[in-house]
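Peer 1: Please find one structure pasted underneath; my questions will follow.
Read the figures in this text as sums done on the coordinates, not as results from a lab. Model, not experiment: these values are computed from the prediction. Please note: Cβ atoms are built from the backbone with ideal geometry, for glycine as well, and neighbour counts cover all protein chains shown.
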Amino acid sequence: MLIDKYNRVHNYLRISLADNCNLRCFYCMPEEEYDFTPSSQLMKADEIESLAKTFVQLGVNKIRLTGGEPLVRKDAADIIRRLGKLPVKLTITTNGTRLHEFVDVLEEAGVRSLNISLDTLQADTFKHITRRDQFQTVLNNINLLISRNFHVKVNVVVMKGLNDGEINDFIAWTKDTPVHVRFIEFMPFSGNKWTSNKVFTLQQILQVVEQQCSFLPLKNEEHDTAKGYIVPGHAGTFAVISTMSAPFCSTCNRMRLTADGKMKNCLFAENEMDLLTALRNGEDVTQLIQQNIASKAKELGGQFTADFEHINAETIHNRSMIGIGG
Ligand code: SAM
Ligand code: SF4
């Protein structure tokens, strides 16, 4: 098992399949010219499978595919099928634009639950955030996956002055639709122009919902990053991921593998372990994974404290979100 010095067991791996994307969300992908990694430096399907198997031998029982956009990769279906054969709960985070092409393969691979990102219910705001005109495709695909009985969580990054006015529209959506909305606090990454005054916090989100309706807390699982709630009588639920105002590092069980095969023991870790080069050189990857977990910081990659109002984003050493894998 992968246990760090704070006694946290790491059994959840998030694998980035691509550091590119067919959308351009400004909070994820830097506006200035962004260099995608050349494909020779990206993990190939058999390398992803091999590394995933090593992690499974070390106790991993849940794998999430992410990116960039995982479904822009040409061999995404092949990778989903291969990983579907491992003894893990397989899931995916996607922008939803290509899900209609993948619904069958996801079903075949045993994926039952997935996260789809949609920050707004307004087509023009979608275009402003993503710099692409794909709102209706994403909404149609969310409905398609719900109709095929997938457990659909919708990720909404809430940014002050941009989409905080839509919180209760998302709550209204949960009334008759079994959709599970997850409001995410805006996080700082390289090149995303984060400032603390753009963060709309857990408390602020709950206050906004309270003005409209009453709700009850849901029972959270030990490793949940989201605090869940339900409006009585609604078919769906909502939750808040409060990374900035109330981090959940003490129960963290997550590790990440970037598309170029670097292991990150935390979303905010500066330190990376190059597993792909080691694998290609025939070195012992297991030992490197263990070393990387042993060096995991207590919270937030050791780069900033929980007092998010005083973070200077310029001093954080990290990749952009699209380069890490969300
Ligand atoms: N392309 C896929 C998608 O959009 O769902 C997967 C990758 S994306 C990086 C994963 C998640 O990270 C998305 O829900 C996205 O909204 C979220 N995300 C990206 N940048 C973020 C930021 N700066 N703060 C909070 N969440 C962010
Ligand atoms: Fe692409 Fe997802 Fe990042 Fe948006 S959040 S740019 S969809 S990777």
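Peer 1: With each label point set 7 Å from Cα along the Cα-Cβ vector, what nm distance links Asp78 and Ser250?
Peer 2: 4.6
Peer 1: Taking loop as defined by DSSP and a crowding limit of 14 other beta carbons within 10 Å, which GluC sites (Glu not before Pro) in region 72-167 fit?
Peer 2: none
Peer 1: Find the cysteines in the chain that fail to meet the 4.7 Å Cβ criterion with every other cysteine, and list them.
Peer 2: Isolated Cys, the chain: Cys21, Cys213, Cys249, Cys252, Cys266.
Peer 1: Further question on the same structure: Work out how much length Ile146 to Glu108 would gain on full extension: take 0.36 nm times their residue separation and subtract the Cα-Cα distance, in nm to one decimal.
Peer 2: Gain on extension, Ile146 to Glu108, equals 12.1 nm.
Peer 1: Moving to a separate point now. Please list, or write none, the aspartates and glutamates whose alpha carbon is within less than 14 Å of the alpha carbon of Lys264, excluding same-chain residues fewer than 8 places away.
Peer 2: Correct list for Lys264: Asp4, Glu272, Asp274, Glu299.
Peer 1: Here's something else I'd like to know. Rank by packing, highest mean first: peptides 255-265, 140-150, with packing defined as the count of other Cβ atoms within 10 Å averaged across residues.
Peer 2: In decreasing order of mean packing, 255-265, 140-150 become 255-265, 140-150.
Peer 1: If you don't mind, there's one more thing I want to ask. For Thr37, what residues show an amide H to amide H distance below 5 Å, using hydrogens built from the backbone and excluding near sequence neighbours?
Peer 2: Here the answer is Asp19, since their amide H atoms fall under 5 Å of that of Thr37.
Peer 1: Which of the trypsin sites (Lys or Arg not before Pro) found in region 183-245 are in a DSSP loop and have at most 10 neighbouring Cβ atoms, other than their own, within 10 Å?
Peer 2: When the trypsin sites (Lys or Arg not before Pro) of region 183-245 are filtered for loop state and at most 10 Cβ neighbours within 10 Å, Lys219 remain.
Peer 1: Could I ask something else about it? When only DSSP loop residues count, what GluC sites (Glu not before Pro) in region 24-64 have their Cβ near at most 15 other Cβ atoms within 10 Å?
Peer 2: Filter output for region 24-64: Glu31, Glu32, Glu33.
Peer 1: Among the DSSP beta bridges whose two residues both lie in region 2-324, what percent are antiparallel, rounded to the nearest 5?
Peer 2: 25
Peer 1: Can you list residues whose amide H is under 5 Å from Asn155's amide H, if they're 5+ apart or on another chain and H is modeled 1.01 Å from N?
Peer 2: Ile116, Ser117, Leu118, Arg182
Peer 1: Follow-up question, since we're still on this one. Give me the one-decimal nm value for the distance between modelled label points at Ala235 and Glu210, 7 Å along each residue's Cα-to-Cβ direction.
Peer 2: Distance between label points: 3.0 nm.
Peer 1: A follow-up question, please. Say R0 is 22 Å: what FRET efficiency, to the nearest 0.05, do Asn7 and Thr37 get from their beta-carbon distance?
Peer 2: 0.05
Peer 1: Only Cα pairs within less than 10 Å get springs; with that Gaussian network setup on the chain, which residue of Leu202, Leu288, Leu114 has the largest fluctuation?
Peer 2: Leu288
Peer 1: Please state the relative contact order of the chain as a whole percent: Cα pairs under 8 Å, 6+ residues apart?
Peer 2: It comes to 22 percent, rounded to a whole number.
Peer 1: Considering Cα pairs under 8 angstrom that are at least six residues apart, work out the relative contact order of region 1-139 and quote it in whole percent.
Peer 2: Relative contact order, region 1-139: 26 percent.
Peer 1: Follow-up question, since we're still on this one. Using the Kirkwood formula on the Cα atoms of region 2-324, what hydrodynamic radius do you get, in angstrom to one decimal?
Peer 2: Radius from the Kirkwood sum: 20.2 Å.
Peer 1: Going down the table (Lys127/Lys153; Lys62/Lys198; Lys44/Lys198; Lys44/Lys298), which pairs top 26 Å between alpha carbons?
Peer 2: Those over the limit are Lys62/Lys198; Lys44/Lys198; Lys44/Lys298.
Peer 1: Provide the net charge surrounding Asn115, with neighbours chosen by a C-beta distance below 12 Å and charges set as Lys +1, Arg +1, Asp -1, Glu -1.
Peer 2: Value of the local net charge: +4.
Peer 1: Ok, one more. Work out the FRET efficiency for Lys160 and Asp284 from their Cβ-Cβ distance, taking R0 = 56 Å, and round it to the nearest 0.05.
Peer 2: Step by step, r from the Cβ atoms, then E = 0.75.
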